1. On a full-extension model of 0.36 nm per residue, what is the gain between R234 and T363, subtracting their alpha-carbon distance, rounded to one decimal in nm?
2. Quick check: Cα centre of the stretch 169-237 to Cα centre of the stretch 17-34, how many Å?
3. Could you order peptides 164-174, 87-97 by the average number of other Cβ atoms within 10 Å of their residues, highest first?
4. Say the dipole of the stretch 124-279 comes from +1 at the beta carbon of Lys and Arg and -1 at that of Asp and Glu; which of G265, G242, V212 then lies farthest toward its positive end?
5. Semi-axes of the equivalent ellipsoid of the stretch 225-319: what are they in whole Å, largest first, if each equals the square root of 5 times a C-alpha gyration tensor eigenvalue?
6. Sort K339, K346 from largest to smallest accessible area, using a 1.4 Å probe on the heavy atoms of the protein chains.
7. What whole-number volume per residue, in cubic angstrom, does the convex hull of the C-alpha atoms of the stretch 1-125 give?
8. Do the sum for the chain: with -39,500 (n - 2.57) for every DSSP H run of n ≥ 4, divided by all residues, what is the mean residue ellipticity at 222 nm, to the nearest 500 deg cm²/dmol?
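The values are calculated or read from the model by the stated rules, or taken from the named source; none is laboratory data. All values reported here derive from a predicted model rather than from experimental measurement. Here the Cβ positions follow ideal geometry from the backbone for every residue, glycine too, while neighbour counts run over all protein chains shown. Surface areas here come from the heavy atoms of the whole protein model, side chains and all, with no ligands, DNA or RNA. Shrake-Rupley method; radii C 1.70, N 1.55, O 1.52, S 1.80 Å.
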Amino acid sequence: MTAMLSAFFNSPDAMIMLTGALVGVAASLLGTFLILRGASMLSDAISHSIVFGIIIVWMLTGQASGPVQIIGAALTGLLTVALTELLTATRRVKADAAIGLVFPALFSIGVLLINIYARDAHIDQHTVLLGEIGFVWLDTYEIGGYLVPQAVVWMGVMALLNLAFVTLLFKELKLATFDAALAKALGFAPVLLSYALLALLSGTAVAAFDSVGAILFIAFVIVPPSAAYLLTDRLSLMLAYGAAIAVVSAIAGYWLAVWFNVSIGGMMAVMTGACFVAALAFGPRYGLIAQGARRRARVAENAARTLAVHLFNHEDDPQAKEENVAAALRDHLHWGRSKSDAILAKSLADGLVTRSGDRLILTEKGRNAAREVLEPWARAG
């Protein structure tokens with residue numbers, strides 16, 4: 001067991017994938033609630049504005065990473081939200097515009113401070129935005145005799161914190177997300193929950209910036225939960241699916257990056273997009289294929305009702321033998337042969353129509369379907 005753990009922690013491949021997976025899980029757990037609140041772009045604002053917090057903490061303490069930086073980033077995230085809400089409260093600036101004003105200002109101030117005071121320090125805006133996940137295995141802590149990458153340690157801590165937050169406050173978060181007014185009436189303090197959520201998001205962002213950078217972090221916050229949203233209507237399943245999609249994206253993205261010799265972080269982000277496209281296409285309820293199938297089914301059902309109405313109208317007609325036959329459908333309903341045959345086959349299969357030689361005869365079920373169209377008031381009564 002010791003040898004297996006040692007080999008695991010000494011494997012650059014395993015550590016890179018583990019780091020990506022931990023970032024993905026930590027980010028997607030919080031991102032799920034941002035997606036449902038319609039505030040996903042706050043992740044972009046916070047991930048950029050934490051540059052300001054990082055340089056301020058470095059200037060005060062000299063530390064470029066670790067728990068102090070995480071706390072500093074959390075405070076910067078809260079500052080971003082507070083300034084955004086302050087601008088929005090003036091009613092002169094809309095929420096999206098307020099975000100667009102606040103985070104570029106904080107990001108710009110952070111970049112200027114880095115250029116002025118931290119030219120020789122291992123802090124730069126390129127690192128914060130892009131990171132370099134391929135080198136996470138080089139910086140390690142010795143824990144229990146094993147050399148564990150610092151990124152794995154801090155991202156593991158943040159993933160556990162986020163999981164504990166979501167698990168312990170699941171009911172409160174759910175209610176605050178879907179009905180903030182009711183949550184406030186019940187004493188759940190939705191504003192405080194929102195600030196706690198964004199503080200954790202800020203802390204997760206700064207824990208991730210040195211390894212994956214802000215860009216991949218934003219992708220993990222937004223894309224896996226968005227894909228999960230297309231797969232289920234249950235919040236608990238959405239959280240699980242989002243985390244699973246993030247893990248799959250991290251692992252598949254790494255091996256594809258190695259295969260094609262391209263950016264690891266970039267390929268991980270691409271894989272989150274690929275998972276989203278797959279969910280968009282094949283989702284069981286909201287996927288394009290499922291929606292197309294339901295749309296075609298509704299069209300076929302409406303055509304079957306049209307057939308039932310046609311047969312019903314001519315049922316007692318002296319010309320019924322000529323009117324209520326398959327050949328007449330193409331003339332009276334202007335259906336092509338293939339459509340006529342397909343609708344007739346469906347009507348026969350659904351028990352709306354029977355055949356007597358060439359003649360089409362409505363069943364009682366078919367007559368009721370026709371009456372529902374022709375006499376909707378009777379159905380309502």
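1. Values: separation 129, 0.36 × 129 = 46.44 nm, distance 4.11 nm.
Stretched out fully, the R234 to T363 stretch lengthens by 42.3 nm.
2. Using only Cα atoms, the two centres lie 11 Å from each other.
3. Working: 164-174: 15.0, 87-97: 12.3.
Averaged packing, sorted descending, gives the order 164-174, 87-97.
4. G242
5. Values: eigenvalues 461, 45, 7 Å².
That gives 48, 15, 6 Å for the three semi-axes.
6. K339, K346
7. Numbers: hull volume 17.0 nm³, N = 125.
Hull volume over Cα atoms, normalised by residue count, gives 136 Å³.
8. On the way: 19 runs with 288 residues, N = 381.
That comes out to -25000 deg cm²/dmol.
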